[in-house]
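Below: the structure, in structure tokens.
The values are calculated or read from the model by the stated rules, or taken from the named source; none is laboratory data. Everything numeric in this text was worked out from a predicted model, so none of it was measured. All Cβ positions, even for glycine, are placed from backbone atoms using ideal geometry, and neighbour counts span all protein chains on display. Accessible surface is based on the protein model in full, side chains and every heavy atom, while ligands, DNA and RNA are left aside. Shrake-Rupley method; radii C 1.70, N 1.55, O 1.52, S 1.80 Å.
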Amino acid sequence: MSSAPAAPSSRVVIVGGGPGGYESALVAAQLGAEVTVVDTDGLGGSAVLTDCVPSKTLIATAELMTEMSTAAELGIESTDEQGDHATGIHVDLGKVNARVKRLAAEQSADIARRLERDGVRVLQGRGRLDGPGKVVAELADGGSESLAADAVLLATGAAPRTLPSAVPDGERILTWEQVYDLTEVPTELIVVGSGVTGAEFASAYLALGIPVTLVSSRDRVLPGEDADAAQVLEDVLKRRGMNVLSRSRMQSVARDGDVVTVTLSDGREVQGSHCILALGSVPNTADLGLEEAGVQTDDGGFVRVDRVSRTSARGVYAAGDCTGVLMLASVAAMQGRIAMWHFLGDAVAPLDLKKVSSNVFTAPEIATVGWSQRTIDAGEIQAETVMLPLRGNPRAKMQGVHDGFVKLFCRPGTGIVVGGVVVGPRASELIHPVSLAVAESLTADQLAQAFTVYPSMSGSVAEAARRLHHF
Ligand SMILES: Cc1cc2nc3c(=O)[nH]c(=O)nc-3n(C[C@H](O)[C@H](O)[C@H](O)COP(=O)(O)OP(=O)(O)OC[C@H]3O[C@@H](n4cnc5c(N)ncnc54)[C@H](O)[C@@H]3O)c2cc1C
């Protein structure tokens, strides 16, 4: 990206220090603006401190445990010092959680150092609009500061949704932000909600050796994802012993001593030692002075933005989870950068959600990019589909990988790749060639012609592309 210097007088105030906020601060500083970030909780936001980074650190331990579960198939036997078969490997949840928190704090500190080095001013406190061109920061150490701004970026994120009938107590009824305070291992964990967050935690704790019940109001887990991928995941989770309750709507969650009871809307009760609520997110947009500044929100309270992150108020931009556009750290960061490129007059392309790759960090992982099977089935785009199971892949056989597939979608006629799904271990890495093809409008033939290593999982991406060849 070229860096045409902005007029020195451009003052940018950013409210919220998550990926939407700090990434835009870096771009604005690079383009010569005078930048202030107002943030309540610590740089990196929820992404770094409570959501994305902590959960993926926990999942790194879970991933290793999953790999170890195939050890016997690969000829590895575990014995203790006396040569007896060990009773099993176990996880020290206290140590895992301490590592999670340490890594999160270190990453937040890294971001703080980077902003400082780039000349960004950071104020710890709560920001709110005072009209479109001014932000008032209520500072954490007392007092307040009024900040005049040529542009304001709102990047205040979102928080876990809770219900009056399911109130977290931080000990046994937990939001996803509270799980890292657990020191004792749950004896029976109930996860309510089978969207991405619920599925990731259920899969991770199961791999850590904890009995898990997943309460899902829908027909199958991950209702928003590719149906074939979700089916593979559900089959694997059940095979590994998870109790998946589908079409089961949670009505309430209550605790009595050490026992947590989840009551379902049909009267059934599920009991466990702990419960994680994964009921979605609500935007942090209350008390931000939005209405007075002319910033419109939708019915759910999310800030309305266009594809260059402009709100309905001139000079006020918004990025990330508070807009509800696509709740991913990568999208928050890109929305923030786009806002600054737009405001400061740099080259900018509007946000294109069809190029976003994303991943569900379950075991197996589910990675997707571009147009989906659902949109193809609904006739929104015409595309040819191929789906290739991973079990035929030589590397998969060697590694004892039995589940997963590569699916590709290409346009009839041109053969241009418009989307894909990968299900398997490290699908988050395997999706990249498909992302490149989608971003650069490569044809299936072009994707097939690039060499892949033999043997490799990525050989299945090329093989799937070959099957889309037209004579
Ligand atoms: C469990 C979980 C796992 C996830 N995993 C992934 C993943 O693997 N990959 C991925 O891409 N995405 C992931 N996400 C989504 C990702 O965390 C969010 O999309 C991302 O955090 C959004 O960034 P943001 O900058 O909009 O907001 P946030 O990261 O929420 O940051 C906003 C910050 O602003 C602060 N703030 C709020 N109001 C004010 C105010 N008035 N004044 C000052 N500061 C304020 C907040 O306290 C917060 O610190 C995950 C989400 C969850 C819940």
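Quote the charge dipole size of the chain about the Cα centre in Debye, to the nearest 20; the model charges only the Cβ of Lys and Arg (+1) and of Asp and Glu (-1). Show your work: numbers first, answer last.
Details: 40 positive and 57 negative charges, 224 e Å.
With Lys and Arg at +1 and Asp and Glu at -1, about 1080 debye.
Could you order the peptides 255-267, 191-203 from most to least packed, using the average number of other C-beta atoms within 10 Å per residue?
Working: 255-267: 13.6, 191-203: 25.4.
Taking the mean over residues of other Cβ atoms within 10 Å, the ranking is 191-203, 255-267.
Give me the number: length gained by fully extending Glu440 to Glu138, i.e. 0.36 nm times residue separation minus the C-alpha to C-alpha distance, one decimal in nm. Let's see the in-between values first.
Working: separation 302, 0.36 × 302 = 108.72 nm, distance 4.56 nm.
The span from Glu440 to Glu138 would gain 104.2 nm if fully extended.
In the stretch 109-184, which trypsin sites (Lys or Arg not before Pro) are in a loop and have at most 16 other Cβ atoms within 10 Å, using DSSP for the loop call?
Numbers: sites: Arg113, Arg114, Arg117, Arg121, Arg126, Arg128, Lys134, Arg161, Arg172; in loops: Arg161, Arg172.
In loop regions of the stretch 109-184 (DSSP not H, G, I, E or B), the sparsely surrounded trypsin sites (Lys or Arg not before Pro) are Arg161.
Taking amide H positions as placed in the peptide plane 1.01 Å from N, state which residues far from Ser456 in sequence (5 or more) or on other chains have amide H under 5 Å from it.
Arg395
Between the stretch 356-422 and the stretch 85-138, what is the separation of their alpha carbon centroids in Å?
34 Å
Just to verify a number: what accessible area does His470 come out at with the full protein assembly present, 1.4 Å probe, Å² rounded to tens?
Accessible surface of His470 is approximately 80 Å².
With a point put 7 Å past each Cα toward its Cβ, work out how far His402 is from Arg240 in nm, to one decimal.
With each label point 7 Å from Cα toward Cβ, the separation is 1.4 nm.
For a quick check of understanding: with a 1.4 angstrom probe and all protein chains in place, what accessible area in square angstrom does Glu171 have, to the nearest ten?
Accessible area of Glu171: about 110 Å².
Set the Förster radius R0 to 45 Å, insert the Cβ-Cβ distance between Glu77 and Arg218 as r into 1/(1 + (r/R0)^6), and round the FRET efficiency to 0.05.
Details: r = 41 Å, r/R0 = 0.91.
Taking R0 as 45 Å, the efficiency between Glu77 and Arg218 is 0.65.
Per 0.36 nm of contour for each residue apart, how much would the distance between Asp352 and Tyr454 grow if the chain were fully extended, relative to their Cα-Cα spacing?
Extending this stretch completely gives an extra 33.3 nm.
Given axes a ≥ b ≥ c from the Cα gyration tensor, I'd like to know whether the stretch 202-321 is rounded (a/c under 1.5), prolate (a/b larger than b/c) or oblate. The partial results should precede the final answer.
Values: a/c = 2.91, a/b = 1.93, b/c = 1.51.
It is prolate, given that a/c is not under 1.5 and a/b is the larger ratio.
Taking every pair of distinct Cα atoms and averaging 1/r, then inverting, what Kirkwood hydrodynamic radius in Å comes out for the stretch 145-278? The partial results should precede the final answer.
Working: mean 1/r = 0.0631 Å⁻¹.
Result for the stretch 145-278 stands at 15.8 Å.
Leaving ligands and nucleic acids out of the surface, order His342, His90 by accessible area at 1.4 Å, largest first.
Values: His342 60, His90 150 Å².
Ranking His342, His90 by accessible area, largest first, yields His90, His342.
Treating each Cα of the chain as an identical point scatterer and ignoring solvent, apply the Debye formula and state log10 I(q)/I(0) at q = 0.08, 0.14 Å⁻¹.
Taken in order of the listed q values, log10 I(q)/I(0) reads -0.54, -1.39.
Which ³J(HN,Hα) values, rounded to whole Hz and listed in residue order, are derived for the stretch 241-254 from phi using the Karplus coefficients 6.51, -1.76 and 1.60 in 6.51 cos²θ - 1.76 cosθ + 1.60 with θ = phi - 60°, glycine and proline given as x?
With the stated coefficients, the stretch 241-254 comes to x, 6, 8, 9, 9, 8, 6, 10, 8, 6, 9, 7, 10, 9 Hz.
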